[in-house]
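Taking it in order: structure first as C-alpha cells, then the write-up.
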Amino acid sequence: MNPPGRPKGEHRSAQHEGIAVNAGTDGTAAAAPHALAAAARRDREPDLLRTAAYGLFAMPLAMAALPLYVHLPKFYGGTLGVDLALLGAVLLVLRLADGLVDPLLGVWSDRLPSRRAAVALSAPILAGGMIALFMPLPRGETALLAWLGVALALVYTAYSVAMINHNAWGAELSTDPVGRTRITAVREGLALVGVIVASVAPAMLADEGDPAGGLGAFAVVFAAFTLLCAAVTLRAPAAPRHAAATAEPLAARLSAPLADPLFRRLLLVFLANGIASAIPATLVLFFIADVLQAESRQGLFLALYFVAGGIGMPLWVRLSAAWGKARAWMAGMVAAIVAFVWAWALGPGDTAAFATICVLSGLALGADLALPPSLLADVIDRDGRARPTGAYFGLWTLATKLNLALAAGIALPLLGLLGYVPGATGGAGLAALAFVYALVPCVLKLGALFALHRFQAASTKDSP
C-alpha cells in the first residue's frame with residue numbers, strides 16, 4: 001500500500017498498485033494481474049451513499065461532547081445548586097477514569113464479533129444516559145451527586161466504546177489510502193454538523209426565562225436522533241476483521257501500539273498538534289469577550305470557524321491524494337499558523353478581522369480533521385500485517401482527551417501567572433491573554449510540523 005505520508009503515484013507498493021518497484025525490471029506483463037486486483041479492490045470500496053451511512057453516527061457523537069464538557073458543570077453547579085468543590089471532585093475522578101480506561105476498551109472491542117455490535121450496544125446506553133444526566137430525578141445534593149456519578153460513568157463508557165469502534169470501523173472499511181481519507185472526511189464533516197447543531201439547539205429548545213430547560217429537551221431529541229443514526233449506520237458495509245489480531249494475549253494487544261515506532265511518532269504529532277488546537281478552543285470565549293469586547297458575537301465566530309472547516313475538508317482530501325497525506329497535513333499546519341498568528345495583534349472592535357481569521361483558520365481545520373485518522377489507518381495496515389485496530393484507536397482516543405486536559409492545564413495556570421483576570425478590560429492581563437491564545441499555539445504547531453516531517457521520513461524508510 002502507499003506508505004503513510006507518501007504522495008500519490010510515488011513509491012507505490014506492488015500490493016496496492018501492481019506496479020513493479022525494482023528499477024530496471026520489466027514488470028509490464030507481471031503487473032497486469034496485480035492491476036486488475038487493485039481495480040477490483042477499488043470497485044469494492046463503499047460508494048458515497050454507504051460512506052455517508054457509516055459516517056452519520058459521528059453526528060450524535062459530536063453532539064454529545066459539547067453538553068458533556070461545556071454545559072454539564074454549569075447545569076449541576078448553577079441550576080441544581082450542587083457544591084462546586086464536590087462537583088469538581090466527581091468530574092475529575094470520572095474524567096480521569098474515562099481517559100485511562102480507553103485503551104482497555106479498545107482491546108476489549110477487538111474481541112467483539114464486529115464493530116457493528118459495539119455501536120449497537122453503546123448507542124442506547126448513550127441515549128438513555130444523556131436523558132438521565134440532563135433530566136435528573138433526585139433533587140438533594142447527595143442524591144444528585146450519586147445520580148450524576150452513575151449516569152456520567154455510563155455515558156462516558158458508552159461514548160468511548162462508540163467512538164473507538166466507529167473510528168476503527170472506518171479504518172478497516174477501506175484498503176485504499178485515498179479511500180480512507182475520503183471516508184474520514186465524510187465522517188468528520190458530519191461530526192462538524194453535529195457540533196454546530198449542539199451549539200445552538202439547547203438555546204433554541206429552551207423556554208423563555210428557563211435556559212436550563214433547553215438541556216432536558218435537547219437530551220430527549222439527542223436520544224431519538226442517536227438511535228435513528230445508529231439504525232442507519234448499522235446498515236453500512238461491515239468491516240473485515242483479522243483473527244490474528246483478536247487472538248493475541250491481553251498484554252500483547254495493550255502494548256502493541258506503543259511498541260510500534262511509527263505509531264509513536266504519529267502519536268507525538270497528534271498530541272503536539274492537538275494541544276496547539278485545544279488551547280485556542282479553551283480560551284476563545286475569554287478572548288472574544290475581553291480582548292475583542294464582542295461577547296454577543298460568540299456564536300457567529302464559532303459558526304464561521306466550523307462551517308469553514310466543513311467547506312475546506314474536500315480540498316484537503318484532494319491535496320492528500322495529489323501530495324500525500326503527511327505533506328498535505330504539513331500544508332494545513334502552515335496555513336493554520338499563517339492565518340491564526342495575526343489574532344495576537346487584535347483589539348476591541350476588530351470583529352471583521354477576527355471573522356476573517358475564523359474563516360481562514362477554519363479552512364485549515366479540515367486538514368486536522370480528515371488526515372490524522374486516515375494516516376493512523378495507514379500505519380496500522382502499512383505492511384498487510386494484522387494489528388489490533390481497536391487497541392490503536394483506544395490510545396488515540398485517550399490522546400484526544402489528553403489534548404483537552406493538557407491544554408487547560410497549560411493555558412489557564414499560565415494566564416494566572418501572567419496576571420490575567422476574566423472580565424479585565426485593559427493592562428498586561430489582556431496582553432497575556434492574546435499571547436497565550438494566539439502565539440503559544442503557533443509555537444506548538446511549529447513543533448508538530450517538525451515532528452510530522454520526522455514521521456514522514458520514518459514512514460518512507462519503513463516502507464518496503
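The values are calculated or read from the model by the stated rules, or taken from the named source; none is laboratory data. These numbers come from a predicted model, not from an experiment. Cβ: placed from backbone, ideal geometry, glycine included. Neighbour counts: every protein chain shown.
This table checks each residue for (1) more than 27 Å from Ala239 (Cβ to Cβ); (2) at pLDDT 90 or above.
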{"residue": "Ala353", "(1), (2)": "yes, yes"}
{"residue": "Ile380", "(1), (2)": "no, no"}
{"residue": "Ala386", "(1), (2)": "no, no"}
{"residue": "Ala405", "(1), (2)": "yes, no"}
{"residue": "Gly427", "(1), (2)": "yes, no"}
{"residue": "Val440", "(1), (2)": "yes, yes"}
{"residue": "Phe455", "(1), (2)": "no, yes"}
{"residue": "Ser463", "(1), (2)": "no, no"}
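Scan region 342-378 for residues that are in contact with a Pro (Cβ under 9 Å, 6 or more places away or on another chain) and under 20 Å from Val291 (Cα atoms) and the total you get is 2. Select from region 107-128 the residues that are among the small types (Gly, Ala, Ser) and at pLDDT 85 or above and write down the one among them that is nearest to Arg253 (Cα to Cα). Among them, the one singled out is Ala118. Per this entry, Ala65 is not counted among residues that are under 12 Å from Thr233 (Cα atoms) and at pLDDT 75 or above.
Here's a check for you: in region 295-310, which residue that is of a type outside the set (A, V, I, L, M) and under 17 Å from the mean Cα position of the chain (by Cα) is surrounded by the most Cβ atoms within 10 Å (Cβ to Cβ)? For region 295-310, the residue satisfying everything is Gly309. I'd like to know if region 55-71 contains one or more residues that are assigned to a helix (DSSP H, G or I), under 25 Å from Ala408 (Cβ atoms) and free of Cβ contacts under 8 Å to residues at least 60 places away in the same chain. Checked region 55-71: at least one residue is assigned to a helix (DSSP H, G or I), under 25 Å from Ala408 (Cβ atoms) and free of Cβ contacts under 8 Å to residues at least 60 places away in the same chain. Taking Val161 as the residue in question, decide whether it is closer than 30 Å to Arg180 by Cβ, assigned to a helix (DSSP H, G or I), touching a Ser or Thr at 6+ places or on another chain (Cβ under 8 Å) and touching a residue at least 24 places away in the same chain (Cβ under 8 Å). Considered against the rule, which asks whether it is closer than 30 Å to Arg180 by Cβ, assigned to a helix (DSSP H, G or I), touching a Ser or Thr at 6+ places or on another chain (Cβ under 8 Å) and touching a residue at least 24 places away in the same chain (Cβ under 8 Å), Val161 comes out as yes.
Yes/no matrix, rows are residues, columns are (1) in contact (Cβ under 8 Å) with a residue 24 or more places away in the chain; (2) crowded, with 16+ Cβ neighbours inside 10 Å; (3) not polar (S, T, N, Q):
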residue	(1), (2), (3)
Leu417	no, no, yes
Val421	no, no, yes
Gly427	no, no, yes
Ala432	no, yes, yes
Tyr437	yes, yes, yes
Lys445	yes, yes, yes
Ala448	yes, yes, yes
Leu452	yes, yes, yes
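Residues of region 76-122 that are within 21 Å of the chain's Cα centre (by Cα) and among the β-branched types (Val, Ile, Thr): Val101, Val107, Val119. Looking at Thr400, is it surrounded by fewer than 24 Cβ atoms within 10 Å (Cβ to Cβ), of a type in the set (Ser, Thr, Tyr) and within 27 Å of Leu173 (Cβ to Cβ)? Criteria met by Thr400. Is it true that Asp43 is at pLDDT 50 or above, surrounded by fewer than 19 Cβ atoms within 10 Å (Cβ to Cβ) and closer than 30 Å to Arg318 by Cα? So Asp43 does not fit the description; no. Screening Ala89, Ala97, Ala117, Ala127 for residues that are surrounded by fewer than 16 Cβ atoms within 10 Å (Cβ to Cβ), within 24 Å of Ala238 (Cβ to Cβ) and either in the same structural domain as Thr389 (by TED's automatic domain parsing) or among the small types (Gly, Ala, Ser) (or both) leaves exactly one candidate, Ala117.
Out of curiosity, is Arg139 within 23 Å of Thr400 (Cβ to Cβ), of a type outside the set (Gly, Ala, Ser) and assigned by TED's automatic domain parsing to the domain that holds Leu192?
no
Residues in region 267-292 that are over 21 Å from the mean Cα position of the chain (by Cα) and closer than 17 Å to Pro373 by Cα: none.
Answer yes or no as to whether Leu267 is surrounded by fewer than 21 Cβ atoms within 10 Å (Cβ to Cβ) and out of contact with any Asp or Glu (no Cβ under 9 Å at 6 or more places or on another chain). It is false that Leu267 is surrounded by fewer than 21 Cβ atoms within 10 Å (Cβ to Cβ) and out of contact with any Asp or Glu (no Cβ under 9 Å at 6 or more places or on another chain).
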